[in-house]
Amino acid sequence: MSTNIFLSKEDEQQVVQAIQSAESLTSGEIRVHIESVCRGNVLDRAAWLFKSLDMHKTELKNGVLIYLSTKDRKFAIIGDAGINAVVPAGFWDDVRDLMISYFTKGDLVRGFVLGIEQVGEKLKTFFPRQDNDINELSNEISFGK
C-alpha cells in the first residue's frame with residue numbers, strides 16, 4: 001500500500017465513516033481502492049484487486065469493491081458471487097451513475113460517501129445485518145500508485 005496522495009486525512013476519514021455506517025445496516029463488506037492509473041481493463045483490474053484484498057473470503061460472499069483510477073478516470077463497482085447470485089441485472093447502475101456525477105465535478109469525497117450509502121442500503125435488502133455479524137474486512141481505503 002502506498003501513501004495516500006488522493007484524499008486529505010479528513011476526506012479519507014469521511015469515506016471510512018461512510019463505510020462503517022453503511023456496514024452497520026448489512027452483513028455485506030465494502031472496500032474502496034483508489035490509484036492513479038488502471039493497469040489494463042478496469043473490470044479485470046477491479047477483479048484482481050478484489051482477490052488480492054481477500055474480499056472473496058467473506059463467509060456469505062457479499063463483499064463489494066468500489067474502484068477508481070484517477071488519472072485515466074476509470075471506475076468500477078463489483079460484488080462477490082453471493083451478491084451476484086441474488087441481485088437483478090443492472091443492480092449497481094444507479095450507484096455508478098450517482099458517483100460518476102460527483103467524480104466528474106471533482107468531488108471525489110461526496111461521490112464516495114453517497115455511493116457507499118447507496119451500496120449499504122442496497123445490500124441491506126439482500127444481506128441484512130445479523131446480531132452475530134462481525135467486520136470481516138478492513139474499512140480503510142486501500143491505495144495504489
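The values are calculated or read from the model by the stated rules, or taken from the named source; none is laboratory data. Values in this document were obtained by computation on a predicted structure and should not be read as measured data. When we count neighbours, we look across all protein chains shown, and the Cβ atoms used for this are built from the backbone with ideal geometry, even at glycine.
Which residues, taken from segment 33-52, are in a helix (DSSP H, G or I), in contact (Cβ under 8 Å) with a residue 24 or more places away in the chain and out of contact with any Phe, Trp or Tyr (no Cβ under 8 Å at 6 or more places or on another chain)? Listed by number, the residues that qualify are L43, A47, F50. Is it the case, given these coordinates, that I141 is under 22 Å from K51 (Cβ atoms), modelled with pLDDT of 95 or more and surrounded by 15 or more Cβ atoms within 10 Å (Cβ to Cβ)? Here the answer is no, as I141 does not meet what is asked. The residues of segment 54-113 that are within 27 Å of I134 (Cβ to Cβ), out of contact with any Leu (no Cβ under 8 Å at 6 or more places or on another chain) and surrounded by fewer than 20 Cβ atoms within 10 Å (Cβ to Cβ), listed by number, are H56, K57, E59, L60, K61, A81, N84, A85, V86, V87, F91.
For segment 118-136, filtered to residues that are of a type in the set (A, V, I, L, M, F, W, C) and either surrounded by fewer than 17 Cβ atoms within 10 Å (Cβ to Cβ) or not in a loop (DSSP other than H, G, I, E, B) (or both), the residue that is nearest to the chain's Cα centre (by Cα) is V119. When E35 is tested against (1) of a type outside the set (A, V, I, L, M); (2) crowded, with 22+ Cβ neighbours inside 10 Å; (3) within 30 Å of N132 (Cβ to Cβ), exactly one condition is not met: (3).
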